[in-house]
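What follows is a set of notes on a single structure, which appears directly below.
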Protein chains: 2
Amino acid sequence: MYDVVIIGKGPAGAQAGIYLGRAGFKTLIVYKDGGSLSKTDFIENYYGYAEAISAEKLLNEGILQAKRFNVDFIEDEIVMLQTDEENKVLVKGLKKDYTASYAIIAAGMTRKSLNVPGLKDFEGRGISYCVTCDGFFFRNRKVAIIGYTKFAEHELNDLLMFTKQAFLITNGKELEFDASVYKEVTVIDKPIASIYGEDTIKGISFKDGSNEDFDGIFVAYGTADASSFCVKSGIATEKSRIIVDENLMTNIDRIYAAGDCIGSYMQVAAAVADGAIAARSVTERLKADRKTARKKD
Amino acid sequence: MYDVVIIGKGPAGAQAGIYLGRAGFKTLIVYKDGGSLSKTDFIENYYGYAEAISAEKLLNEGILQAKRFNVDFIEDEIVMLQTDEENKVLVKGLKKDYTASYAIIAAGMTRKSLNVPGLKDFEGRGISYCVTCDGFFFRNRKVAIIGYTKFAEHELNDLLMFTKQAFLITNGKELEFDASVYKEVTVIDKPIASIYGEDTIKGISFKDGSNEDFDGIFVAYGTADASSFCVKSGIATEKSRIIVDENLMTNIDRIYAAGDCIGSYMQVAAAVADGAIAARSVTERLKADRKTARKKD
């Protein structure tokens with residue numbers, strides 16, 4: 001029986017664990033994988049590191065930091081959360097069930113991607129999902145954005161801050177915005193056959209047999225999908241984001257959420273604030289619970 | 001002429017500078033001092049450092065990080081901000097005036113303190129202003145909270161997570177909450193004469209000539225006061241916090257604010273999120289300005 005179970009070991013989950021463990025609460029982090037950070041090479045825009053830090057190292061530092069405050073870690077995949085009449089949260093995993101007074105969902109966001117041969121192979125090796133995060137690495141290089149929606153336009157605008165050699169690859173889809181205003185941008189509206197490269201990406205092959213070389217590719221294709229266990233658990237979502245109040249509580253009492261899964265700005269700097277605030281909210285609740293128990297004595 | 005002038009070099013200001021500099025915008029940080037961080041010894045609850053980091057080192061890392069993205073730093077004290085008809089923000093300093101398209105106020109919060117001999121001398125050496133931040137360093141030690149308001153009760157509740165040897169020093173003020181429910185807490189309602197110690201604090205002398213030794217002292221006396229330049233500049237505040245919208249813009253167009261000065265959770269983790277979000281808002285504005293200029297071409 002834990003005071004708090006946190007789902008996710010990324011920046012939001014670990015930051016919440018650091019606060020709760022340090023405050024003396026029995027805290028468990030259940031994680032499936034390293035989430036978005038583990039698909040990233042380097043982070044250089046998170047405050048506090050003068051030089052770029054590898055995403056793997058940052059993830060690891062956060063885990064060690066939480067462990068230093070006695071936070072437990074268990075690898076498992078969560079399928080459902082339930083609350084009972086005794087004010088407990090039951091967190092059902094594929095391996096085991098976990099019981100706690102409160103839960104914080106910090107499960108990140110699965111970013112919907114293209115199903116194109118080669119794409120997965122080059123994630124973090126020339127393929128990125130965030131121009132704000134990685135555009136800087138491709139200054140004045142030849143870069144493609146794969147996408148056709150307003151979201152792709154947003155990423156294109158960001159990209160033009162870094163390079164004028166920008167290509168928009170629609171994969172045969174009809175553009176949902178007017179690209180003609182971006183005179184320096186080349187639009188390629190052919191369907192993609194595959195992405196090729198060696199250690200890093202080299203370019204895109206199209207279904208008509210043609211190729212185009214690139215130094216980098218940003219995928220801005222569609223939007224992210226919901227954490228399916230939220231739907232199963234009756235946790236309200238909107239556009240695949242978990243709905244929370246100002247204390248980061250979901251529609252279900254005692255269940256909180258933080259980070260990418262609530263639609264925060266998908267940056268480490270934003271995730272840690274969510275983690276800190278969710279931990280503060282849960283701490284206030286646990287203190288109130290203890291004050292009530294104190295009065296009963 | 002800068003794209004953005006940021007006031008404050010703490011976590012919120014530097015984080016905003018890191019994003020803006022990295023995005024290629026001409027950015028200046030004007031600072032008076034290191035703010036709250038420079039009054040702190042060690043930080044161990046900010047995500048990303050497995051071991052405690054000295055606050056001075058963290059502050060310095062953030063500054064070097066911003067400088068790596070070509071952010072300029074100037075030491076000056078800001079007295080007023082003005083916007084003109086040409087969509088410029090004039091930032092008036094004691095030494096110089098600075099002009100930019102946008103400004104971000106990340107000036108932190110002056111924490112109102114006692115005027116007691118010895119107090120300033122031992123800041124960061126046994127005297128702290130935040131139990132959430134530093135309570136952990138005083139586990140099972142003998143600790144005093146100086147205060148009498150609801151804020152002092154809040155800090156007392158936090159402190160009881162760490163130690164049962166807790167004293168509440170009212171400095172002769174009448175308590176604004178019922179302390180009797182905290183049976184383990186000793187209330188001392190005598191006025192304070194001074195704080196004594198050697199390298200670190202040792203205790204409190206009272207005006208009646210008595211002494212009490214302590215391992216640590218938390219000051220939770222009253223609340224923080226307003227940044228006077230906001231009042232002068234017509235920037236709306238409430239309870240000495242700058243009022244901002246969801247994009248962190250103040251009531252004055254082109255002037256944004258972030259961090260402790262907008263009443264965020266006074267933690268590095270929260271300040272950096274504000275910095276990132278303010279930078280994103282200003283980035284969107286600058287991009288829109290350029291798109292408008294592009295259409296005029």
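The values are calculated or read from the model by the stated rules, or taken from the named source; none is laboratory data. The structure displayed is predicted, hence computed values, not measured ones. Ideal geometry is used to build each Cβ from the backbone, glycine not excepted, and the neighbour counts take in all protein chains shown. Please note that ligands, DNA and RNA were not included when accessible areas were found on the heavy atoms of the full protein model with its side chains. Shrake-Rupley method; radii C 1.70, N 1.55, O 1.52, S 1.80 Å.
The angle between the Cα long axis of helix B:150-159 and the longest principal axis of the Cα atoms of chain B comes to about 70 degrees, rounded to the nearest 10.
Starting from the Cα gyration tensor of segment A:1-95, take the square roots of the eigenvalues, sort them a ≥ b ≥ c, and report rounded, prolate or oblate (rounded when a/c is under 1.5, otherwise prolate if a/b is larger than b/c, else oblate). Display every interim value, and only then the final one.
Values: a/c = 2.84, a/b = 1.75, b/c = 1.63.
Prolate shape, in that a/c is at least 1.5 and a/b is the bigger ratio.
In this rough spin-label picture, where each label sits 7 Å from Cα along the Cβ direction, the A:E75-A:E246 distance is 4.2 nm.
Carbon and sulfur atoms: what percent of the 1.4 Å accessible area of segment B:1-109 do they account for? Numbers along the way, then the final one.
On the way: 1920 of 4260 Å².
Exposed carbon and sulfur together represent 45 percent of the surface.
Counting only alpha carbon atoms, the long axis of helix B:55-68 and the longest principal axis of chain B meet at about 0°.
Listed by chain and number, the aspartates and glutamates placed with their C-alpha closer than 18 angstrom to that of A:K67 are A:D3, A:D33, A:E56, A:E75, A:D76, B:E44, B:E51; residues fewer than eight positions away on the same chain are left out. Residue order by solvent-accessible surface for A:K96, A:K207 is A:K207, A:K96, largest first, with ligands and nucleic acids left out and a 1.4 Å probe.
Accessible surface of segment B:120-219, 1.4 Å probe: 46 percent of it comes from carbon and sulfur atoms.
Here the protein assembly as shown is assigned +1 on the Cβ of each Lys and Arg and -1 on the Cβ of each Asp and Glu. Its dipole about the Cα centre then comes out at about 80 debye. Scanning residues 5 or more positions from B:I145 or on other chains, those with amide H under 5 Å from its amide H are B:F167, B:L168, B:I169, B:F218, with H placed 1.01 Å from N in the peptide plane.
Using a/c under 1.5 as the rounded threshold, could you call the protein assembly as shown rounded, prolate or oblate? The axes a ≥ b ≥ c are square roots of the C-alpha gyration tensor eigenvalues, and prolate needs a/b larger than b/c, oblate otherwise. Since a/c reaches 1.5 but b/c is at least a/b, the shape of the protein assembly as shown is classed as oblate.
Springs between Cα atoms under 10 Å define the GNM used for chain B, and in it the highest mean-square fluctuation of B:D260, B:D199, B:D274 occurs at B:D199. Using a probe of 1.4 Å, the accessible surface attributed to A:M161 totals some 50 Å² when neighbouring protein chains are kept in position.
With a 10 Å cut-off around each Cβ of A:56-69, the average count of Cβ atoms from other chains is 3. Over segment A:120-219, the alpha carbon radius of gyration divided by the compact-protein estimate 2.2 N^0.38 Å works out to 0.97. Ligands, DNA and RNA are left out, and with a 1.4 angstrom probe the accessible area of the protein assembly as shown is 43 Å² per residue. Summed over both chains, the contact between A and B buries some 5000 Å² of accessible surface at a probe radius of 1.4 Å. Can you list, shortest first in nanometers, how far B:Y196 lies from the same residue in the other copies, with each label 7 Å from Cα toward Cβ? Result for B:Y196, in nm, nearest copy first: 8.3.
Taking chain A as the reference, fit the longest principal axis to its C-alpha atoms, fit the long axis of helix A:11-22 to the helix C-alpha atoms, and give the angle between the two in degrees, 0 to 90, nearest 10. Approximately 20 degrees, to the nearest 10.
Once the partner protein chains are put back, segment A:250-274 shows a loss of at least 10 square angstrom of accessible area, versus the chain by itself, at A:Y265, A:Q267, A:A269, A:A270, A:V272, A:A273 (probe 1.4 Å, ligands and nucleic acids excluded). Between B:V187 and B:R290, what's the calculated FRET efficiency when r is the beta-carbon distance and R0 is 60 Å? Round to 0.05. In this case the efficiency is close to 0.45.
Quickly estimate the mean residue ellipticity at 222 nm for the protein assembly as shown, helices only: each DSSP H run with n ≥ 4 gives -39500 (n - 2.57), and the total goes over all residues, rounded to 500.
Helices in the protein assembly as shown give a 222 nm mean residue ellipticity of -8000 deg cm²/dmol.
Put simply, the C-alpha atoms of chain A give a gyration tensor, and the ellipsoid matching it has half-axes of 41, 19, 16 Å, longest first. Reported to the nearest whole Å, the Cα centre-to-centre distance from segment B:152-216 to segment B:83-98 is 46. Taking label positions 7 Å along the Cα-Cβ direction at both B:R125 and A:R141, the computed distance is 5.1 nm, reported to one decimal.
Spin-label model, A:Y196 to B:K164: label points 7 Å out along the Cα-to-beta-carbon direction sit 7.4 nm apart.
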